[in-house]
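What follows is a single structure, written as structure tokens, with notes after it.
Each reported figure results from applying straightforward, stated rules to the coordinates on display, with no laboratory input. All figures in this text were calculated on a predicted structure; none of them were measured in a lab. So basically every Cβ, Gly included, is an ideal-geometry build from the backbone, and we count neighbours across all protein chains shown.
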Amino acid sequence: MNTSRARLVRVLGRYDVPDHGDEFDALPVDDVPTLEQPAAAAAAEPARATASPHAVSLEAWRTLVRERIPAPEVEPQPRWNRAELAGRVAELCGGRAPAAYTFAVSLLLDAQQQGEPAAWITTRERAFYPPDVAANGVDLAALVVVRVPGVEHVPRAADQLGRSGAFGLLILDLGADARVPTPLLSRLLGLAQKHDLAIVCLTEKTSDSPSLDSLVSLRADVVRSRQSPGRFACTLRVAKDKRHAPGWGETVWCRGPAGVQ
């Protein structure tokens, strides 16, 4: 056994090293301390019983490893805001409950606070109640609301607005009959990535229903539960996220509008 292999055996302690020539000669073992061997192992191998001058305890070895190997970086918890959704097509599902509108309106407020123009695209039959939106802090004078004849026109209107490059957030109110052709959705995704635009599709479906399309980068389901008369907990839970691990979300406490107590 040559000198390099002898040093390797000293480092590895009582572990046997197969004899395969000089394949270990290039290992940098001189600066690696050895572990103190148990008394039984030392008695069984008298030739190795003499402690190395570099021997350290197991706890000291662990400390050395912690000092030399940096701790892994912890990914910050994602937040439901426009910046997290920028450059993506997201789907916000709320069933028949209006809780999804709560989180959609929070995106409008966040976009306006960041100086990003926003638009809400809906049909003439869908409910968009400006007083509720204004009560949540949204500046109605700075909000573009587009009403189209049918739900099939909603993504086409979004395509026209997205091509302008003037918007930072588009809310597409698609309802229960949410259908967007894949080529059109692909074009919307390209516009989102090009203009740092967040596109959010509001749909009415249960949590076990399939997503709008595989091009959707994030899907979040929203549920509402009554906590006390006039007080509700609206919980958002991300079921699909191509940037982060799914499962994150948040809960907000809301006061029901007049008539919902």
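Could you work out the equivalent-ellipsoid semi-axes for the stretch 82-255, taking the square root of 5 times each eigenvalue of the Cα gyration tensor, largest first, in whole Å?
Details: eigenvalues 102, 71, 51 Å².
Largest first, the stretch 82-255 gives 23, 19, 16 Å.
Note on residue 64 and residue 242: their simple-model spin labels are 4.7 nm apart, each label 7 Å out from Cα toward Cβ. Residue order for 64, 172, 236, fewest other beta carbons within 10 angstrom first, comes to 64, 236, 172. As an exercise, use a Förster radius of 30 Å and the Cβ-Cβ distance of residue 164 and residue 227 to find the FRET efficiency, rounded to the nearest 0.05. It comes out at approximately 0.10.
As a test, work out the antiparallel percent of DSSP beta bridges whose residues both lie in the stretch 82-255, rounded to the nearest 5.
Bridges in the stretch 82-255 that DSSP calls antiparallel: roughly 40 percent.
Counting every C-alpha pair in the stretch 135-215, the share spaced more than 15 angstrom apart comes to 59%.
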